[in-house]
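Read the structure below first, then the notes.
Read the figures in this text as sums done on the coordinates, not as results from a lab. Keep in mind that this is a model prediction, so the values were computed, not measured. All Cβ positions, glycine included, derive from the backbone under ideal geometry; neighbour counts span all protein chains shown.
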Amino acid sequence: MKTVYDQRISCPHCGHHIFVSLDTSEGDQDFYEDCAACCNPIHLNMHIDRAFNKLELHVDSDDEQIF
Ligand SMILES: [Zn+2]
């Protein structure tokens, strides 16, 4: 069974599209990827719904949003 998926996401900082590898064999994951374009960290939250065999990916910038 395939457990690693390449998912395309867009950077919440600059909108650049990057690919991330998701390893579903480890269960739910919370991790950071650095954007290749703007180098800001992208917060990724992966949730595996085993009942529906579905993968949910939440992307956010983790910014404090203070300007
Ligand atoms: Zn970016």
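A few comments on the model shown:
- Ranked packing of 49-56, 29-36, most packed first, by mean Cβ within 10 Å: 29-36, 49-56
- Cysteines (scope the chain) whose Cβ has no counterpart Cys Cβ under 4.7 Å: 39
- Evaluated with a Cβ-only charge set (Lys, Arg +1; Asp, Glu -1), the chain carries a dipole of roughly 380 debye about its Cα centre, given to the nearest 20.
- Residues of the stretch 1-35 with amide N under 14 Å of the 7 Å Cα→Cβ point at residue 45: 28-32
- In summary, the convex hull built on the alpha carbon positions of the chain has an orientation-averaged projected area of 5.0 nm².
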